[in-house]
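Participant: Following this message is one structure expressed as structure tokens.
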Ligand SMILES: C[S@@+](CC[C@H](N)C(=O)[O-])C[C@H]1O[C@@H](n2cnc3c(N)ncnc32)[C@H](O)[C@@H]1O
């Protein structure tokens, strides 16, 4: 079935395909391959000289991409963080620009469902959370090594957790007795000291989100990748971004709005130099899944798609 491959159901699939406005012989970039639900559906619309670059920083996702599409001459696959998308594009063809770029942010169902990856407070596993397996610091390194003040900052900044000080204090006290190694240990401890204000939300939800964002430098990655994507969009090329929490959605919204407006320094002046003109045009309002989709796929609940189009060269604001 298109859109539901190897344990991950692609979110907002028809809306993404419409947003990308696919040209059969165009060049497209799926910056978050996952299990290829979106990539497979894009490929179905490309003819022999169409191109699709697929990126993922997770070697399991890339192995899946190679198994499914490695023999397809239209497809190039890279194990890389999406902040390096320009280098990946250059490896295919120097200066390559795309008619559409998709980011479907966050983690995939196989990552969440595999307890050994340590993303989930629902399934006990090592406290890891690294998307790029084995690279950089793990969640356990952060929980056991960061100062109380740093933990408070991480939980507030990346989890918007109101009880950050109480949870950080409890972590620092408990880890002196025994370091945290398992997701269940951390989740149970948080449930003991903090109550969730949100119905149906486990009290550890926000701390786990914060640790995941911090461990994977998700906001830095997104900031760098949005700038690189803008640079690599062909005239009239579409940028489609699905985010799953307010921090990344805010970043995407502000980025798109900023580049869809003229440089405020030149506001009111009769002549707008080319570099001060908008480079993007917003395409519609943000889109959230309909209830039929969220009933079928719970993980779609918090998804929000934003779309913008690169303004063609020489087109005035
Ligand atoms: C929500 S899933 C994508 C699902 C995919 N669209 C599908 O239909 O199967 C997000 C994927 O993006 C990858 N990812 C997240 N941040 C990344 C980054 N900074 N660079 C590259 N890949 C990233 C994750 O490893 C994960 O596989």
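Where a number appears in this text, it was derived from the coordinates with a stated rule and is not lab data. Treat the numbers as computed from the prediction; the structure is a model and nothing was measured. Here the Cβ positions follow ideal geometry from the backbone for every residue, glycine too, while neighbour counts run over all protein chains shown.
Participant: Per q in 0.15, 0.20 1/Å, what log10 I(q)/I(0) does a Debye calculation on the alpha-carbon atoms of the range 140-273 return?
Facilitator: Normalising to I(0) and taking log10 leaves -0.79, -1.12.
Participant: Quick check: the angle from helix 59-69's long axis to the longest principal axis of the chain, C-alpha only, nearest 10 degrees?
Facilitator: With both axes taken from Cα atoms, the answer is about 40 degrees.
Participant: Let me know the Kirkwood hydrodynamic radius for the range 40-170, please, with Cα pairs as the basis and the value in Å to one decimal. Working shown, then result.
Facilitator: Values: mean 1/r = 0.0574 Å⁻¹.
Answer for the range 40-170: a Kirkwood hydrodynamic radius of 17.4 Å.
Participant: Let me ask something else. Can you tell me the order of 287-293, 31-37 when each peptide is scored by its average per-residue count of other Cβ atoms within 10 angstrom, highest first?
Facilitator: On the way: 287-293: 14.3, 31-37: 26.4.
Descending mean neighbour count gives 31-37, 287-293.
Participant: Identify the residues of the range 234-273 with backbone N under 16 Å of a label point that sits 7 angstrom from the Cα of residue 288 along the Cα-to-Cβ direction, or state none.
Facilitator: 242-250, 253
Participant: So how do 115-122, 254-261, 75-82 stack up, highest first, on mean other-Cβ count within 10 Å? Working shown, then result.
Facilitator: Working: 115-122: 19.4, 254-261: 16.4, 75-82: 21.2.
Ranked from most to least packed, the peptides come out as 75-82, 115-122, 254-261.
Participant: Which value, to two decimals, describes the C-alpha radius of gyration of the chain once divided by 2.2 N^0.38 Å? Please report the intermediate quantities before stating the final value.
Facilitator: Numbers: Rg = 20.7 Å, N = 317, 2.2 N^0.38 = 19.6 Å.
Rounded to two decimals, the normalised Rg is 1.06.
Participant: Which FRET efficiency value, to the nearest 0.05, do you get for residue 202 and residue 266 by plugging their Cβ-Cβ distance into 1/(1 + (r/R0)^6) with R0 = 51 Å?
Facilitator: On the way: r = 49 Å, r/R0 = 0.96.
Result of the calculation: an efficiency of 0.55.
Participant: Cα centroids of the range 86-132 and the range 13-84: how far apart, whole angstrom?
Facilitator: 13 Å
Participant: Ranked highest first by the average count of other Cβ atoms within 10 Å around their residues, in what order do 59-72, 230-243 fall? Walk me through the intermediate numbers first.
Facilitator: Details: 59-72: 16.6, 230-243: 21.7.
Going by the mean number of other Cβ atoms within 10 Å, highest first, we get 230-243, 59-72.
Participant: Using the Cα atoms of the range 1-97 to build a convex hull, what is its mean projected area in square nanometres? Could the numbers behind the result be given before it?
Facilitator: Details: hull surface 23.2 nm².
Its average projected convex-hull area is 5.8 nm².
Participant: Treating the Cα atoms of the range 2-56 as identical point scatterers in vacuum, please give the log10 of the normalised Debye intensity I(q)/I(0) at q = 0.17, 0.23 Å⁻¹, two decimals.
Facilitator: -0.47, -0.86
Participant: Restricting to the chain, what percent of DSSP beta bridges are antiparallel, rounded to 5? Write down the numbers at each step before the final one.
Facilitator: On the way: 13 of 31 bridges.
The antiparallel fraction comes to roughly 40 percent.
Participant: For n ≥ 4 DSSP H runs only, could you compute -39500 (n - 2.57) per run for the chain, divide by its residues and tell me the 222 nm figure to the nearest 500? Write out the running numbers ahead of the final one.
Facilitator: Numbers: 13 runs with 129 residues, N = 317.
Taking each H run of at least 4 residues, the total per residue is -12000 deg cm²/dmol.
Participant: Now, a different point. Could you compute the FRET efficiency for residue 191 and residue 223, with r as their C-beta to C-beta distance and R0 at 30 Å, rounded to 0.05? Before the final figure, lay out the partial values.
Facilitator: Values: r = 33 Å, r/R0 = 1.10.
With R0 = 30 Å, the Cβ-Cβ based efficiency is 0.35.
Participant: Let me ask something else. Sticking with the crude label model, points 7 Å out along Cα→Cβ, report the distance from residue 48 to residue 301 in nm, one decimal please.
Facilitator: The two pseudo-label positions are separated by 4.8 nm.
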